[in-house]
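In what follows, a structure is listed as structure tokens, so that the remarks can point back to it.
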Amino acid sequence: MEPLTISMLMLGVSDLPRSITFYRDILELKLASQTDNFAFFGAGAVTLILSAPLGRTREPIAGALEVIFPVTSVMAAHADLAQRGAGFISPPHEVSPSSWAANFTDPDGHILSVFGPK
């Protein structure tokens, strides 16, 4: 068997149009395609899929998943995203001597982070 890799990550959402607006307009991810129930975003080597059916089948468990976006400056990304309306739940903080992070949530409460140098 070949080594497994991750090519897609699917998040259940309660309101697909609202989530598309957040990921497209606030995070500025490229919306590759969408159907009535799914939206597909280019996110580097991974495709981020928003799924209305998955959002209806189970209650999301807050904190059970964290999507991490690498950035060249956590402070700059934090300021930019906060200005665009991202709701941060933790300010930029040092997680190791050379790495910083700041956490925010999407409209359904999924935890998202920017991570990288200060």
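What follows draws every value from the coordinates through simple rules; no lab data is involved. Owing to the predicted nature of the structure, the values given are computational and were not obtained by experimental measurement. For neighbour counting, all protein chains shown are included, and Cβ atoms are generated from backbone atoms with ideal geometry for every residue, glycine included.
Some points to look at:
- Once the Cα atoms are used to define both axes, helix 74-84 deviates from the longest principal axis of the chain by about 50 degrees.
- Pairs of Cα atoms farther than 17 Å apart, segment 1-61, %: 39
- Using θ = phi - 60° and Karplus 6.51 cos²θ - 1.76 cosθ + 1.60, couplings along segment 97-107 (whole Hz; Gly, Pro as x): x, 10, 10, 10, 8, 8, 10, 9, 10, 8, x
- Separation of the residue 1 and residue 56 label points, Cα + 7 Å toward Cβ, nm: 3.3
- In segment 8-116 the Cα-Cα distances spread across 10 Å bins starting at 0 as 15, 47, 32, 7, 0 percent of all pairs.
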